[in-house]
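Accompanying notes for the structure given below.
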Amino acid sequence: FPVTISTIKYGVIDANSGKVLIPIRYDYMEKDYGSSTYIISNNNKFGVIDNTGNTLLKPKYTYIKSAGLYDNKDIYLANIYGSTKDNGYGMEVEGGNWGVINKNGDTLTPFKFKEIEFENDSILQVLDLDGYAYLMQFPSLKVLTDKEANYIDEIGYSYENKTYLVGKEVTRDKNGYPSGGVYGLSDQKGNILADYKYAEIKSEGSFIVTYRDWE
């Protein structure tokens, strides 16, 4: 008989002996290559197990993904209230609230963000539930950049001295692409490098140039 999606289960077996290392009972399973853990799902809820199958986080979240940090390997980005679907390239999350948790289930950042990502081990980039976008220090959650901006994104590339495009009254389409509004520049500490007076700012190689001065 053909195998249907509803009957597929995942686990881990030893390639040499065929011995089952982790029971084949999960609806979804993804190795967290930053540590010796697996992100798993049952009944549309996500959790975390270790490489022997012991449960670290019970499946109760809409989605969990590794924070991908260099030092803090056991920190995860988690979603509640949203929905997930497999788009063929991985899990896609729609809606809900994002926060940060550790493998013990402790909430390190409240679940009050539409989007949340780590810039490095000590800085978060967020879009909150009111639509404002800014950088926060982690784990203190001190706001670093303008909390009244509704768009922020790294512009150009610098490992140590990042520059961010910040915007107000910006409209974002369903894919997150911005249009309209006014833009300025900020560094990672929140220092203003350029005031909000440009309709567009782009990176051109090692330079950052502005177009169409708003004034």
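The values are calculated or read from the model by the stated rules, or taken from the named source; none is laboratory data. Only a predicted model underlies this, so the values are computations on that prediction, with no experimental measurement involved. Note: ideal-geometry Cβ built from the backbone for every residue, glycine included; neighbour counts use all protein chains shown. What goes into the accessible areas is simple: the full protein's heavy atoms, side chains included, and nothing from ligands, DNA or RNA. Shrake-Rupley method; radii C 1.70, N 1.55, O 1.52, S 1.80 Å.
Just a few scattered comments:
- Length added when fully stretched, Lys19-Glu204, from 0.36 nm per residue minus Cα-Cα: 61.1 nm
- Label of the coordinate-derived value, log10 I(q)/I(0) by the Debye sum over Cα atoms at q = 0.10, 0.17, 0.18 Å⁻¹, listed as [x] -0.48, -1.04, -1.11; [y] -0.54, -1.17, -1.25; [z] -0.54, -1.06, -1.13: [y]
- Per-residue extension of 0.36 nm, minus the Cα-Cα distance of Asp187 and Tyr89, leaves a gain of 31.9 nm for this segment.
- Stokes-Einstein, applied to the Kirkwood radius of the stretch 1-93 over Cα pairs at a viscosity of 0.890 mPa s and 25 °C, places its translational diffusion at 174 µm² s⁻¹.
- Relative contact order computed over the chain (Cα-Cα under 8 Å; 6+ residues apart), in percent: 8 percent
- Hz values of 3J(HN,Hα) by residue in the stretch 95-104 - Karplus curve (6.51, -1.76, 1.60), Gly and Pro given as x: x, x, 10, 9, x, 10, 10, 10, 5, 8
- Whole-percent carbon and sulfur share, accessible surface of the stretch 1-147, 1.4 Å: 49 percent
- Here the extension length gained between Leu129 and Lys73 equals 17.5 nm, from 0.36 nm per residue of separation less the Cα-Cα distance.
- Remark on Thr109: its backbone amide H falls under 5 Å from those of Val100, a criterion applied only to residues 5 or more positions apart or on other chains, H modelled at 1.01 Å from N.
- Ser158-Asp121 pseudo-label distance in nm [points 7 Å out on the Cα-to-Cβ vector]: 2.2 nm
- Net charge over other residues, Cβ less than 11 angstrom from the Cβ of Ile80 (K, R count +1; D, E count -1): +3
- The orientation-averaged shadow of the Cα convex hull for the stretch 79-200, equal to a quarter of the hull surface, comes to 8.5 nm².
- Solvent-accessible heavy-atom area per residue, rounded to whole Å², over the stretch 25-120 at 1.4 Å: 53 Å²
- Sequence-distant residues sharing a close amide H with Thr163 (under 5 Å, placed H): Ile155, Ser158
- Within-11-Å neighbourhood charge of Lys45 [Cβ basis; K, R +1; D, E -1]: +1
- Near Tyr63: Cβ cut-off under 15 Å, other residues only, Lys/Arg at +1 and Asp/Glu at -1. The net charge is -2.
- Under 5 Å, built H, 5+ apart or other chain: amide partners of Ser122: none
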